[in-house]
Amino acid sequence: MYSLNLASISQGDDMSLSRKLVFIISFITIFIVISSISVAEYFTFKQMESNVIKEAEVNLQAKKVLVSDSITDYFDSIQNQITVKAFDVTTVEAAQAFKKGFNKYPVTDSTSLANFYEQDFKTSFNTNCIN
């Protein structure tokens, strides 16, 4: 009977050893699977982050080009308007009349220029604006 007890203890130890091995192997397998998934997710996340940053940069470059073109078009439009206005007959006539009137008064002192604006120019301006 004593030998039976030793045999049963020996079998019990073998069972618990095999269970321990299964547990350890299962734990290692689960750890490897979880580690592999974590590493794959990390690299996927980094790749996605890199793609989002590149896409944002491309979008900003496109917006920069559009805004730059819009600003250039705006200034070109203003330049064209100024050019058209500069060659307009009324603008040319007004500039010539102003130059003629301005040259009538010698600019030796500021009072003669002030007199021109207060007397001749003001009278002519008020007459032309009312009509």
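The values are calculated or read from the model by the stated rules, or taken from the named source; none is laboratory data. Just so we're clear, the structure is a prediction, and the values are computed from it rather than from any experiment. Counting neighbours? That spans all protein chains shown, and the Cβs are built from the backbone with ideal geometry, glycine included.
A few notes on this one:
- Taking every residue in the stretch 75-92 that is free of Cβ contacts under 8 Å to residues at least 60 places away in the same chain and pairing it with any residue that is of a type outside the set (S, T, N, Q), at least 6 positions away or on another chain, the pairs with Cβ-Cβ distances below 6 Å are Thr91/Lys85.
- Looking across Asn51, Asn80, Asn59, Asn103, one residue alone is in the same structural domain as Asn128 (by TED's automatic domain parsing) and outside any loop (DSSP other than H, G, I, E, B). It is Asn103.
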